[in-house]
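The values are calculated or read from the model by the stated rules, or taken from the named source; none is laboratory data. Here the structure is a predicted model, which is why all the values come from computation and not from measurement. Neighbour counts are summed over all protein chains in view; Cβ atoms, including those assigned to glycine, are modelled from backbone coordinates with ideal geometry. Just the protein is used for accessible areas: all its heavy atoms, side chains included, with ligands, DNA and RNA removed. Shrake-Rupley method; radii C 1.70, N 1.55, O 1.52, S 1.80 Å.
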Amino acid sequence: GKVGVLGCPMYHGQTKPGTKEGPAALRDAGLLEMLKDQGLDVKDFGDVNIPCLEEVPLSDLSVKNPKNIATDVHKVLDSGRACLVLGGDHSLAIGSIYGHSLAELDQVVVWVDAHADINTPLTSTSGNIHGMPLSFLVHELQPYTCKLPGFESIKPCISAKDIVYIGLRSVDPGERYIIEKFGIQSFSISEVDKLGIKEVVEKAINYLDPEGKRPIHLSFDVDALDPSLIPCTGTPVLGGLSFREGNYICEELAATGRLSCVDIVEVNPTLGNERDKEITVNAALQIITRCFGNRRQG
Ligand SMILES: N[C@](CCCC[B-](O)(O)O)(CCN1CCC(O)CC1)C(=O)O
Ligand SMILES: [Mn+2]
Ligand SMILES: [Mn+2]
Ligand SMILES: [Mn+2]
């Protein structure tokens, strides 16, 4: 398979700037070599240009970031490669999912996360954009939200029925209301406990794409995994997916042959000591290799 790797050192979506070190930490740990060693044709597209806060007034901030990200993701996909986006905080998904829609109109989204990330600027209690990305993208939400200055270039491009959550365990009241109102399919950690990961993944894929022909966008927030596996992330929540569950999800999505774009977000190497960083980066690298065909069975 052919993979294009895009670094996206985004940190403006939340208050801990260390997520801008995420792409470098994953590359420095040998990500590209690992992917080549499993037989992939890998091309590194470098990092998206994320202007630092001081350079641009807040209002321009987002118009540059999601647009740059969307443009770059579109370019990778149009080159005939699957796109691997290395975060950076989860606000980058505004650009990656929009960019995916420019290359493929009928994508479905698997959102693996402890959080729903679907607050609108009006329902958010933190004001952090990494808690809002889906609200900029979902058609049905537009009458209920407001456009932030600079987000004009991002158009909603997915329907509520094209999203499935796996791993939820920290959902705000406004998000719960939105999920219920628009009937967004979600498998929280309770469902993972109840059904087991095999049935969750089966149901998720069959719900999104029963005919098995639509391109899949996996937006994988590493905080979906248990904090013991990912000590270096900004919003940890106890009782997360096991390492085996995380690997299983990615193996099964890869096995569809339709995994078109993968975001790996919220790695913040500056949170924790050297050992914590090693644990976090190694777990993230393993998850990434499963997205592109490397299976535990060999
Ligand atoms: N829902 C949160 C967390 C978003 C996490 C984003 B990520 O990309 O990492 O998934 C949390 C809101 N938070 C809930 C508990 C309150 O005590 C404080 C505010 C928010 O800030 O909107
Ligand atoms: Mn195109
Ligand atoms: Mn999260
Ligand atoms: Mn997230």
State yes or no: is residue 261 within 16 Å of ligand 2 (Cβ to nearest atom) and closer than 30 Å to residue 11 by Cβ?
yes
* Asked: Any chance the stretch 92-112 includes a residue that's at positive phi, touching a strand residue (DSSP E or B) at 6+ places or on another chain (Cβ under 7 Å) and modelled with pLDDT of 95 or more?
  -> no
Any residue at all in the stretch 114-122 that's open to solvent by 10 Å² or more (accessible area, probe 1.4 Å) and away from ligand 3 (no atom under 16 Å from the Cβ)?
yes
Q: Confirm whether residue 133 is open to solvent by 30 Å² or more (accessible area, probe 1.4 Å) and at pLDDT 95 or above.
A: no
Report task. Inspect the stretch 161-180 for any residue being open to solvent by 30 Å² or more (accessible area, probe 1.4 Å), among the basic types (Lys, Arg), within 28 Å of residue 19 (Cα to Cα) and away from ligand 2 (no atom under 16 Å from the Cβ) and give the result as yes or no. Result -> yes
Among 154, 230, the single one that is of a type in the set (A, V, I, L, M) and more than 24 Å from residue 271 (Cβ to Cβ) is 154
Of 191, 252, the only residue that is away from ligand 1 (no atom under 16 Å from the Cβ), closer than 30 Å to residue 41 by Cβ and open to solvent by 10 Å² or more (accessible area, probe 1.4 Å) is 252
